[in-house]
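Okay, so here's the structure we're looking at.
FYI, it's all coordinate maths here, none of it is from the lab. The shown structure was predicted, so the numbers you read here are calculated from the model rather than taken from an experiment. Don't worry about glycine lacking a Cβ; one is built from the backbone with ideal geometry, like all the others, and counts go over all protein chains shown.
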Amino acid sequence: MSSTGSNRGEGTATTASELSSEAIVKERPDEPSEGWRLALLRATGGLVNPGPGPEELRRREILHRIRHPLLQPHRIAVTSIKGGVGKTTVSTLLGLVLAENRGDRVIVLDANPDAGTLADRLTGESSVTVRELLHDLDRIHSWTEVSRYTSLAGRLQVLASEQDPGAGDAFSREEYERICAVLDHFFNIIITDSGTGLVHSAMEGTLKLADSVIIVGAPTVDGASRASKTLDWLLAHGHSSLASNSVVVLSCDRTSSEVDITRIREHFASRCREVIEIPHDPHLATGGRVELRRLRPATRDAAYRLAALMADRFVS
């Protein structure tokens, strides 16, 4: 009597895992998705595949970093001592890129006590604000309920600031902390567009809860010195970890050939994790609603690199 059947598979453990897609599907060569490389691939019916170019590979790597998985809420504070340097623009760009390229929920919160313009730059809707959410906070128990207080820019949720400057002063550290405690239940990434200065009450709460900080400056004498003083302030007030891991964004709306921008860049590179320059862009300069598709390629690239840098700090 043959023993073939009884001996079949002896010495090996055969399981269904051997038939996984990784094991039995032949690996396809990487194909380009743009430019002359894609044109050549199509023209030859796939016989000649030059593969993706260096620039396409670089963009893929940035997208891969942006999509870093996140298992707990991450709070990003965008701040500066000086006003008018582009904090709201940076918050807007970061929020749009993260929301567009991730599968989780991203919200940007306007914590400016002086009638901030974040909602104007994103949705144009500021009739419902953080003040209304604070008033009803104890009744928020579901995603549907919290979404009544936000507006939507693509996939990005926007929480507008109080538009009455007189009432805005009442937005305190304790209220900010209560807002974040609720948002943590429904959002993976919370971006706070902070008001000017570092000593008002809401800013205290922002820094206390922040996992990452973006400091916004400009390649000018006043814009650079104020950004550097923001780092000094963080170090002097017990936020050394936030300071050393911060990203400095230089908003290049105002530039001058008389300013040594290389020296400015080197100064901040020695003090923080990374320096990003947002070039002048006619679309951003209007002060109107921001749309990523209308940005110049260099501006869009800077926004994506900023988002990748922030996602590098996500703890999975």
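Which residue, S246, A227, I261, has the largest displacement toward the positive end of the dipole of region 70-311 when charges sit on each Cβ (Lys, Arg +1; Asp, Glu -1)?
Looking along the dipole axis, the top candidate is I261.
Each label point is 7 Å from the Cα along the Cα-to-Cβ direction; what then is the distance between the points at S256 and R155, in nm?
Placing both labels 7 Å along Cα→Cβ, they lie 4.3 nm apart.
Tell me which DSSP H helices of the chain clear both cut-offs, 15 Å or more of axial length from alpha-carbon atoms and a mean Kyte-Doolittle hydropathy of at least -0.5.
Qualifying helices, which must be both long enough and hydrophobic enough, are 87-101, 221-236, 297-311.
For the chain, how many pairs of lysine residues have a Cα-Cα distance under 22 Å, where the two are 8 or more positions apart or belong to different chains?
Taking the chain as the scope, the lysine pair count is 5.
Considering the options V108, S270, I140, tell which one lies farthest towards the positive end of the dipole of the chain, charges being +1 on Lys and Arg and -1 on Asp and Glu at the Cβ, about the Cα centre.
The residue sitting farthest along the positive end of the dipole is S270.
Sort L250, L70 so that the residue with the fewest other Cβ atoms within 10 Å of its own Cβ comes first and the one with the most comes last. Don't skip to the end; give the middle numbers.
Values: L250 26, L70 16.
Ordered by Cβ neighbours within 10 Å, fewest first: L70, L250.
For the chain, compute Rg over Rh where Rg is the Cα radius of gyration and Rh is the Kirkwood radius from the inverse mean 1/r over Cα pairs.
Numbers: Rg = 24.2 Å, Rh = 21.8 Å.
When Rh is taken as the Kirkwood radius, the ratio is 1.11.
If R₀ is 22 angstrom, what is the calculated FRET efficiency for the pair H237 and E174, using the beta carbon separation as r and rounding to 0.05? Can you show the working numbers first?
On the way: r = 19 Å, r/R0 = 0.84.
About 0.75, to the nearest 0.05.
What distance in nm separates the two pseudo spin-label positions at H141 and R42, each 7 Å out from Cα along the beta-carbon direction?
Going from the H141 label point to the R42 one covers 5.5 nm.
Run the dipole for the chain about the Cα centre, Lys and Arg Cβ at +1, Asp and Glu Cβ at -1, nothing else charged, and hand back the magnitude in debye, nearest 20. Could the numbers behind the result be given before it?
On the way: 37 positive and 42 negative charges, 150 e Å.
Here the chain has a charge dipole of around 720 debye.
Kindly put D30, D281 in sequence by how many other C-beta atoms sit within 10 Å of each C-beta, fewest to most. Provide the component values of the computation, followed by the final result.
Details: D30 12, D281 21.
The order, fewest Cβ neighbours first, is D30, D281.
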